[in-house]
Amino acid sequence: MRPGSPFPSINDLKEAWIAWKASHPEKIAREYEEEFCSECGGKGYFEVVYEVVPSRFGLIEYTTILPCAKCRNWKKVFGEKPRKLWTREEIEKHPTFYLKDKRHIAGRAKQVEEEQELCTEAYVPL
Ligand SMILES: [Zn+2]
């Protein structure tokens, strides 16, 4: 603390930061070695569509990422261990999740388009 100043000096902050780093080594970002993974392709996560909503401007896909259970590459993305790790099979079996994979999207998009067409047909302008 500089005399007469209510604020810490730059050196105080630097010293405090060095001390904090020394006492919290587990919180310092490190380079993780990526391991090979046939499930997620080494990314450590799956891109998942959890909702597809038709709108006036086309289909809106709400996506999220889920950590891969087969490798430890999720460390790069999530940092702390996520509460649940997912396998490709679990996501494929999930009633509302779709892997952001063209095959699944195409199927779901077609289904939503059909629903949308039904909506358009039912709409009678005054
Ligand atoms: Zn993986």
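The values are calculated or read from the model by the stated rules, or taken from the named source; none is laboratory data. Every value quoted in this text rests on a predicted model; they were computed, and no experiment measured them. Positions of Cβ are backbone-derived with ideal geometry, glycine not excepted, and every protein chain shown enters the neighbour counts.
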Report summary line: The condition of being at pLDDT below 90 and either in contact with a strand residue (DSSP E or B) (Cβ under 7 Å, 6 or more places away or on another chain) or surrounded by 14 or more Cβ atoms within 10 Å (Cβ to Cβ) (or both) holds, among GLU26, GLU34, GLU80, only for GLU34
Requested in this report: Go through the stretch 22-62 and give me each residue that's more than 16 Å from the ligand (Cβ to nearest atom) and within 13 Å of ILE91 (Cα to Cα).
Outcome: VAL49, TYR50
